[in-house]
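Peer 1: One structure follows; several queries about it will come next.
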Amino acid sequence: MRFVVNTDKERREMMDSIGIGSVQELFKDIDEEILLKRPLNLQRPLSEQELLEAFSEISGKNADTERYKCFLGAGAYDHFIPSVVPCLVGRSEFYTAYTPYQAEASQGMLQAIYEFQTLICQLTGMDVCNASLYDGASALAEAAIMASNVSRRGEVIASSTIHPEYREVVKTYVENRGLEFREVGWEDGVTSVTELAKEVSDKTSAVLVQNPNFFGNLEDLDEVGKIAHEKKALFVVCVVEPTSLGLLKAPGEFGADIAAGEGQSLGNSVSFGGPHLGFLAARQEFLQKMPGRLVGMTTDTEGRRGFVMTLQAREQHVRREKATSNICSNQALNALAATVYLAALGRRGFRKLSTLNAQKARYLRSRVLELKGFEARFEKPYYNEFVVRCPIDPRKINEELTKRSILGGLPVGRFYRGLEDCWLLCATEKSARKDIDLLIETLRGICG
Amino acid sequence: MGHERYLYTKEHEWIHAEGDIGTVGITDYAQSQLGDIVTVELPEVGREVKQFESVAIVDSLKTTSDIYSPASGRVVEVNKSLQDHPELINQDPYRGGWIFKIRLSNREELGSLMTLERYEAYVAEEKRKSTARR
Amino acid sequence: MKLIFELSAEGREGASLPELDVPEQDLGIPETELRSEIPLPEVSEVDVVRHYTALSRMNFGVDSGFYPLGSCTMKYNPKVNEVIAGLPGFKSAHPYQPEELSQGCLQVIYELSRDLAEITGMDAFTLQPAAGAQGELTGLMMAKAYFKRRGENRKKVLVPDSAHGTNPASAALCGYEVVEIPSDPRGGVDMVELKGKATEDVAALMLTNPNTLGLFEENILEISDIVHGNGGLMYCDGANMNAILGIAKPGDMGFDIVHLNLHKTFSAPHGGGGPGSGPVGVKERLARFLPKPVVQKNGGRYFLDYDRPESIGRVKAFYGNFSVLVKAYAYIRALGPEGLKEVAENAVLNANYVMRKLEGAYELPYDRVCKHEFVLSGKRQLDFGVHAMDIAKRLIDYGFHPPTVYFPLIVKEAIMIEPTETEGKETLDSFVEAMLKIAEEAEKEPELLRNAPKTTPTTRLDALTAARKPNLRWKER
């Protein structure tokens, strides 16, 4: 396939107009020594038909949550996506546009982002939200760095119940920035508040905690927030499964200073891990220290309402090395998906969705615990994920399950030593009773 | 138009020393170069600063500028009204638009600053260079 | 235009959810952990569709028309790529499903890495970074790890004054002191300044080549020698790779690290600001520091290699913006080696054609053969009280998306034009015609420009009030 428009004749005319004899003359400023003298060593070009065939074949080698029943979460959630989401997000005026630098030609995306900022504030109970960041993990890292800029302190403390890959990202960002990164342990499936209270000091810029945490359990956010605030550290709550916010008290209601997290659950597909949707919302007083793009409402010369990117002096293209972050793009299209999704579900639908998730998870959990050899690992309030102990290696279980087109839970030993027999299971509104029953029946066959 | 009794830096700050207290702001030329100012990041009161250390940040719509302290000392007061009315720097850079006050720890440093006359010559030269830009 | 919140009417629902098909249980969540209210809007499905369709019509994309936004490479985004990325095996693959059941995804990552290495002349790639800026950060983190391993503590990163703002911002985020290198009168790196500043405490020089003026760094080999001579690394910001696909490789120019923008050069759509993808390639001596995991191949089987003790860690959860990777790989497979070279040749030809047509009416500060883009100055129009921004806004009235303005910072009233290869001569000619007309208008009817645009849903917006009195979210009255 080729997408070049001009014919040889047109190219000739253009070259004549410039006054050159060949296109090669346009590259004469490149040293002979570095001019490539052979074609790139790549596969031959494909027609559209061949291309589709080739990629269908590649894609067919993967399991997918349409053909497989999915009980796997751990940071990427298999929710149902209403048809309005892909239809509207797929409008090319949105997806083929660049960043809305020219406000008058970009009012659609600007207003959508303003609505996104509002919706995330509504969900998280925070005052202000940015136009989105790369993903939950890097959003949490940005939150940690923002907290140290606010507090002028050099140490970040993260709970070990935060998603392990998120912690790794925070650690990578924070340490390269020249700050210290420390983790506190867990007890009974939640952050050890006794250990936390010992660790937090007047050097601590931020305390990071995830709710529901990686094990699916609800954290004692009141207590964690109190410990952070006693030492004037910022209290950062990470939300990885935002559909939980249809039921659970919002981070803002727990006194969080920053809520950072992942919005994939809100109308974005799992896509083998990306693109997902990072967000960062904060209390009003920290506005000037926020990373990333912000869209604000204003008026035009006729007094009509309109939207612009604003407070850009915080950003890299103005402040360069003194910017609050180096981020330049956002995940605008994923934010648009979340906006459409939240609008479609609305006040009642979103509550109902959360309840469905929680109820299905309870059914799944109680059925699994009926099976011989399976035990609850934690007895804590949870949302749609939980950890059970298995009679045999959960990796073995997963292997068997795939034969029945089931994606089993995450073997927790992959990330936590001592939990090698543990399995992190997830249910969503997509988990039909018959699929859960099939899982149970299959498990009985495997472990019975 | 600057003030005879003020002293000036190459970065276009002014300082007005009265006793051991120096009031600091940016010059009319600086505000005109920045354009409409939208936010001012003020230092913490009590902070010890060295001469020419970056102490505050002034942002306009399209650009940002560090404010360097013309002298060493301890920040004793900041102009809080700038938080809600950053435009004071545009409207009244030498009075209402002052940014912070410091208790000077070394008055001798003031000798390294420019008088109004020298500053005006310096600005004239800056303007000449800027028009020569591509 | 109303906001979605203003369309809300109590009781409306825009989505249908299944009924609960399992016995209802007590949730076991204490009251103190539950929320009483979720203040979301209440609208019907039709409301949602009409609202966002109306918004889309207030937005200009590449599919709407010519989009010569300099440094952004707004080329046509092939439709087939969207179809491919939407295949269930890509879109609905879970990142933690077993490796055995992810062989297709891993194959895409592996083969795209291999092809990008060939295109750039690098030895190894990570596809994890979500955008160019994150790629820069990743590359610099690797540079830092490299020097740490050598027991060196280098503190500075050199950045030309023409660089994109992310370069110094990334360096600062990575804990480096930024030293700016001025440009010379030909628009390249000032060699005297470079020699003076490329000292032994410099970790890297970050260079965009072709640079943000659209000019190839003529002294690139000498620049590399100078930086390498003092033990520093050469970092290539590959934002402008579109100009040199199949023509020259950063690896052959002496670069040790390069990031690419798949959403620019490799045709993935920009999505109204993202998602992007910013893979990073490195020479062999830096490969051990790549983020985890790296996809490897053993026999016919792909696997995720987490056993990388010297890795910098991670910059993102999972493996990158995967569906963007799929689109980029499909693009490379569609074009092949000849097709990619043809992209560069046509992008450069188109840019030079437009540049020569406009140089009479607008100031051309660097009069050289350009690459994929060029920078004009609106300096002449200033005499009529017309700014680059006014020219940009007037273009909207002519049905074009404006070029990038006020960047790079070293050109006064900069107007940066990048036509890309996917535009035909007729489109270029009508753009040229509009630009020439505007130059005339600037002289004769400057008010037309200052009041532009007139054809859009809003006229010019009050950015000053937006910044001084930020209103960043809707609130119920």
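Peer 1: Looking at the range A:3-52 only, could you name the residues that are basic (K, R) and surrounded by 16 or more Cβ atoms within 10 Å (Cβ to Cβ)?
Peer 2: A:R11
Peer 1: Tell me, please, whether a residue that is more than 7 Å from every other protein chain (Cβ to nearest Cβ), more than 30 Å from C:G399 (Cβ to Cβ) and either at pLDDT 95 or above or over 22 Å from the mean Cα position of the chain (by Cα) (or both) can be found in the range C:76-85.
Peer 2: Within the range C:76-85, none of the residues are more than 7 Å from every other protein chain (Cβ to nearest Cβ), more than 30 Å from C:G399 (Cβ to Cβ) and either at pLDDT 95 or above or over 22 Å from the mean Cα position of the chain (by Cα) (or both).
Peer 1: Regarding the range C:175-194, can at least one residue be identified that is more than 24 Å from the chain's Cα centre (by Cα), away from every other protein chain (no Cβ under 14 Å), in contact (Cβ under 8 Å) with a residue 40 or more places away in the chain and part of a loop (DSSP other than H, G, I, E, B)?
Peer 2: Taking every residue of the range C:175-194 in turn, none turns out to be more than 24 Å from the chain's Cα centre (by Cα), away from every other protein chain (no Cβ under 14 Å), in contact (Cβ under 8 Å) with a residue 40 or more places away in the chain and part of a loop (DSSP other than H, G, I, E, B).
Peer 1: Of everything in the range C:5-26, what is in a helix (DSSP H, G or I) and either surrounded by fewer than 17 Cβ atoms within 10 Å (Cβ to Cβ) or in contact (Cβ under 8 Å) with a residue 60 or more places away in the chain (or both)? Give them in sequence order.
Peer 2: C:F5, C:E6 - these are the residues of the range C:5-26 that are in a helix (DSSP H, G or I) and either surrounded by fewer than 17 Cβ atoms within 10 Å (Cβ to Cβ) or in contact (Cβ under 8 Å) with a residue 60 or more places away in the chain (or both).
Peer 1: Same structure, new question: Might you check whether a residue that is in a loop (DSSP other than H, G, I, E, B), over 30 Å from C:K79 (Cβ atoms) and not β-branched (V, I, T) occurs anywhere in the range C:414-428? Spell out the reasoning first.
Peer 2: Within the range C:414-428, the first condition is being in a loop (DSSP other than H, G, I, E, B), and the residues that meet it are C:418-424.
Next cut, over 30 Å from C:K79 (Cβ atoms) only: none.
No.
Peer 1: How about the range B:64-84: which of its residues are out of contact with any helix residue (DSSP H, G or I) (no Cβ under 7 Å at 6 or more places or on another chain), assigned to a loop (DSSP other than H, G, I, E, B) and crowded, with 17+ Cβ neighbours inside 10 Å? Before the answer, list the steps.
Peer 2: Applying the first criterion (out of contact with any helix residue (DSSP H, G or I) (no Cβ under 7 Å at 6 or more places or on another chain)) to the range B:64-84 yields B:66-70, B:73-80, B:83-84.
If we keep only those that are assigned to a loop (DSSP other than H, G, I, E, B) as well, we get B:69-70, B:79-80.
Listed by number, the residues that qualify are B:S69, B:P70, B:N79.
A quick yes/no check of all residues on (1) more than 29 Å from C:P453 (Cα to Cα); (2) modelled with pLDDT of 95 or more:
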{"position": "A:L248", "(1), (2)": "yes, yes"}
{"position": "A:L266", "(1), (2)": "yes, yes"}
{"position": "A:G273", "(1), (2)": "yes, yes"}
{"position": "A:Q288", "(1), (2)": "yes, no"}
{"position": "A:L294", "(1), (2)": "no, yes"}
{"position": "A:F307", "(1), (2)": "no, yes"}
{"position": "A:L311", "(1), (2)": "no, no"}
{"position": "A:R314", "(1), (2)": "no, no"}
{"position": "A:A323", "(1), (2)": "yes, no"}
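Peer 1: Criterion first (touching a Phe, Trp or Tyr at 6+ places or on another chain (Cβ under 6 Å), away from chain A (no Cβ under 14 Å), of a type in the set (A, V, I, L, M) and assigned to a strand (DSSP E or B)) does B:V24 satisfy it?
Peer 2: yes
Peer 1: Test of understanding: among C:L3, C:L55, which residue is under 22 Å from A:G349 (Cα atoms) and within 7 Å of another protein chain (Cβ to nearest Cβ)?
Peer 2: C:L3
Peer 1: Select, from A:R417, A:R395, A:R389, the only residue that is over 26 Å from the mean Cα position of the chain (by Cα) and on the phi < 0 side of the Ramachandran plot.
Peer 2: So the residue among A:R417, A:R395, A:R389 that is over 26 Å from the mean Cα position of the chain (by Cα) and on the phi < 0 side of the Ramachandran plot is A:R389.
Peer 1: Shifting gears a bit: For the range A:122-133: of the residues being crowded, with 24+ Cβ neighbours inside 10 Å and touching a Pro at 6+ places or on another chain (Cβ under 9 Å), which is nearest to A:I145 (Cα to Cα)?
Peer 2: Going through the qualifying residues, I end up with A:L133.
Peer 1: Being in a helix (DSSP H, G or I), in contact (Cβ under 8 Å) with a residue 12 or more places away in the chain, touching an Asp or Glu at 6+ places or on another chain (Cβ under 8 Å) and more than 8 Å from chain A (Cβ to nearest Cβ) narrows it down to one of C:A163, C:A117, so name that one.
Peer 2: Only one candidate passes the filter, namely C:A117.
Peer 1: Same structure again: Considering the range A:272-324 alone, what residues qualify as being more than 7 Å from chain C (Cβ to nearest Cβ), free of Cβ contacts under 8 Å to residues at least 24 places away in the same chain and part of a loop (DSSP other than H, G, I, E, B)?
Peer 2: Result: A:G303, A:E315.
Peer 1: Taking A:L371 as meeting all but one of (1) touching a residue at least 24 places away in the same chain (Cβ under 8 Å); (2) within 11 Å of chain C (Cβ to nearest Cβ), write down the number of the exception.
Peer 2: Just one mismatch for A:L371, condition (2).
Peer 1: Within the range A:76-89, is even one residue among the charged types (D, E, K, R) and touching a residue at least 60 places away in the same chain (Cβ under 8 Å)? Outline the logic, then answer.
Peer 2: To start, the set of residues in the range A:76-89 that are among the charged types (D, E, K, R) comprises A:78.
Cutting the leftovers down to touching a residue at least 60 places away in the same chain (Cβ under 8 Å) gives us A:78.
Checked the range A:76-89: at least one residue is among the charged types (D, E, K, R) and touching a residue at least 60 places away in the same chain (Cβ under 8 Å).
Peer 1: How many residues, within the range A:64-96, are in contact with a helix residue (DSSP H, G or I) (Cβ under 6 Å, 6 or more places away or on another chain), buried (at least 23 other Cβ atoms within 10 Å of the Cβ) and among the hydrophobic types (A, V, I, L, M, F, W, C)?
Peer 2: Residues flagged as in contact with a helix residue (DSSP H, G or I) (Cβ under 6 Å, 6 or more places away or on another chain), buried (at least 23 other Cβ atoms within 10 Å of the Cβ) and among the hydrophobic types (A, V, I, L, M, F, W, C) within the range A:64-96 amount to 4.
Peer 1: Follow-up question, since we're still on this one. Specify the residue that is nearest to the other protein chains (Cβ to nearest Cβ); the eligible residues are those in the range A:408-433 that are surrounded by fewer than 23 Cβ atoms within 10 Å (Cβ to Cβ) and farther than 22 Å from A:S160 by Cβ.
Peer 2: A:R433
Peer 1: Next question. All but one of (1) away from chain C (no Cβ under 13 Å); (2) surrounded by fewer than 24 Cβ atoms within 10 Å (Cβ to Cβ); (3) outside any helix (DSSP H, G or I) hold for A:S205, so report the exception by its number.
Peer 2: Unmet for A:S205, out of (1) away from chain C (no Cβ under 13 Å); (2) surrounded by fewer than 24 Cβ atoms within 10 Å (Cβ to Cβ); (3) outside any helix (DSSP H, G or I): (2).
Peer 1: What residue, among those in the range A:148-187 that are out of contact with any strand residue (DSSP E or B) (no Cβ under 8 Å at 6 or more places or on another chain) and part of a helix (DSSP H, G or I), is farthest from C:C174 (Cα to Cα)?
Peer 2: The qualifying residue farthest from C:C174 (Cα to Cα) is A:P164.
Peer 1: Identify, please: which residue in the range C:145-166 is over 29 Å from C:F407 (Cα atoms) and buried (at least 22 other Cβ atoms within 10 Å of the Cβ) and is, among those, nearest to the chain's Cα centre (by Cα)?
Peer 2: It comes out as C:Y146.
Peer 1: Against the conditions (1) of a type in the set (S, T, Y); (2) closer than 22 Å to C:S71 by Cβ; (3) in contact (Cβ under 8 Å) with a residue 60 or more places away in the chain, where does C:S170 fall short? Just the number, please.
Peer 2: Tallying (1) of a type in the set (S, T, Y); (2) closer than 22 Å to C:S71 by Cβ; (3) in contact (Cβ under 8 Å) with a residue 60 or more places away in the chain, C:S170 fails exactly one: (3).
The values are calculated or read from the model by the stated rules, or taken from the named source; none is laboratory data. What you see is a predicted model, and the numbers here were worked out from it, not measured in a lab. Neighbour counts are summed over all protein chains in view; Cβ atoms, including those assigned to glycine, are modelled from backbone coordinates with ideal geometry.
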